Amino acid sequence: MEAIARLVAAEATPAELKNNAAAASAGYAYGLAAIGPGIGIGYLVGKSVEAMARQPEAAGMVRTTMFLGIAFTEALALIGFVVFILLKFA
Amino acid sequence: MTEHVSPLAMASQGLAPEVTVSKDIIRRGLIIAPVVMVIAGVIWGLTGAWSAGLGLAVVLMNFGLAAALISWAAPISLALMMGVSLFGYLIRLGLISVSVYLVRDVSWVSLPALGITIIVTHLGLLFWEMRFIAASLAFPGLRPNAQEYPSSSAAETP
């Protein structure tokens, strides 16, 4: 709170400005990186359910592909997460 | 007159292919763990080696939990599987965040090593598994190990 108050009063040092920018960027990186895969996984699982309902005999194949799709989509979120921890804590 | 059954009321019975895939990924992950730790150790030192081990453990836990949740929900109903897949994503992301947050200030953890190991091993293990899955799905007669990749299971209404 003190840092924000000093920012408002335009008294922040360059180091504080850098830290604040890094914290804000980290938050945006993690949040935006989590939204995309969330939409992707929702779409992927929805289509998989549709496929399993249309062709029940292919359910095993669909579930295998779905699981791999979820894992690949999640990799995007993990990349965002790693950017977050590197910006925030490293 | 045909009876209308909602797809969401159906369930996917039979074998759980995601458990097979997940076990395979975990087995391969444990095999490459020493190599990953040595490579990280060479680059970042001893802290890097421990961090790489931790990162690999997080990745393997993530795969195992995802498979366990889907294989639990699919035989109950496809609607539950859908919900579990989405909320499972949130829960797993939260668990990874918490596990990294808890060790952020620990002396034997190097965060760059941890982060890079998480990304590289996650993608690496997936692509490694994809080689076998692609062959198994496209050419079932040529699947590397027929016992390891059983054919599709049938979906039934409860």
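Annotations
Here is a yes/no grid of residues against (1) outside any helix (DSSP H, G or I); (2) within 25 Å of residue A:60 (Cβ to Cβ):
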site	(1), (2)
B:30	no, no
B:34	no, no
B:47	no, no
B:76	yes, yes
B:86	no, yes
B:95	no, no
B:99	no, no
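- Across segment B:6-15, the qualifying residues are those that are open to solvent by 30 Å² or more (accessible area, probe 1.4 Å) and within 8 Å of another protein chain (Cβ to nearest Cβ), and the one among them that is modelled with the highest pLDDT is B:15.
- From the options B:56, B:60, B:15, residue that is of a type in the set (A, V, I, L, M, F, W, C) and closer than 23 Å to residue A:47 by Cβ: B:15
- Residue match in segment A:48-62 (condition: out of contact with any Pro (no Cβ under 9 Å at 6 or more places or on another chain), modelled with pLDDT under 90 and more than 30 Å from residue B:21 (Cβ to Cβ)): no
- Filtering B:107, B:22, B:71, B:99 for residues that are surrounded by 23 or more Cβ atoms within 10 Å (Cβ to Cβ), at negative phi and either modelled with pLDDT of 95 or more or out of contact with any strand residue (DSSP E or B) (no Cβ under 6 Å at 6 or more places or on another chain) (or both) leaves a single hit, B:22.
- Every residue from segment A:31-49 that is under 17 Å from residue B:84 (Cβ atoms) and open to solvent by less than 80 Å² (accessible area, probe 1.4 Å): A:37, A:38, A:40, A:41, A:42, A:44, A:45, A:46, A:48, A:49
- Output for segment B:25-47, where each listed residue is open to solvent by less than 80 Å² (accessible area, probe 1.4 Å) and either facing another protein chain (nearest Cβ under 9 Å) or over 30 Å from residue A:50 (Cα atoms) (or both): B:25, B:28, B:29, B:32, B:33, B:34, B:36, B:37, B:40, B:41, B:45, B:47
- Filter pass, residue B:133 being at pLDDT below 90, under 16 Å from the mean Cα position of the chain (by Cα), at the interface with chain A (Cβ under 10 Å from one of its Cβ atoms) and surrounded by 13 or more Cβ atoms within 10 Å (Cβ to Cβ): yes
- Checking each residue in segment A:47-60 for being more than 7 Å from chain B (Cβ to nearest Cβ) and in a helix (DSSP H, G or I) picks out A:47, A:48, A:51, A:54.
- Within segment B:87-96, the residues that satisfy the criterion of being crowded, with 16+ Cβ neighbours inside 10 Å and out of contact with any Leu (no Cβ under 8 Å at 6 or more places or on another chain) are B:89, B:93.
- Candidates A:23, A:15 - the one that is more than 30 Å from residue B:21 (Cβ to Cβ), in contact with a Lys or Arg (Cβ under 9 Å, 6 or more places away or on another chain) and in a helix (DSSP H, G or I): A:23
- Search result, residues across segment A:61-90 that are within 7 Å of chain B (Cβ to nearest Cβ), open to solvent by less than 30 Å² (accessible area, probe 1.4 Å) and hydrophobic (A, V, I, L, M, F, W, C): A:67, A:68, A:70, A:71, A:75, A:77, A:78, A:81, A:82, A:85
The values are calculated or read from the model by the stated rules, or taken from the named source; none is laboratory data. No experiment lies behind these values; they were computed from the predicted model shown. Every residue, glycine as well, gets a Cβ built from its backbone with ideal geometry; the counts of neighbours run over all protein chains shown. Accessible surface areas use protein heavy atoms only, side chains included; no ligands, DNA or RNA. Shrake-Rupley method; radii C 1.70, N 1.55, O 1.52, S 1.80 Å.
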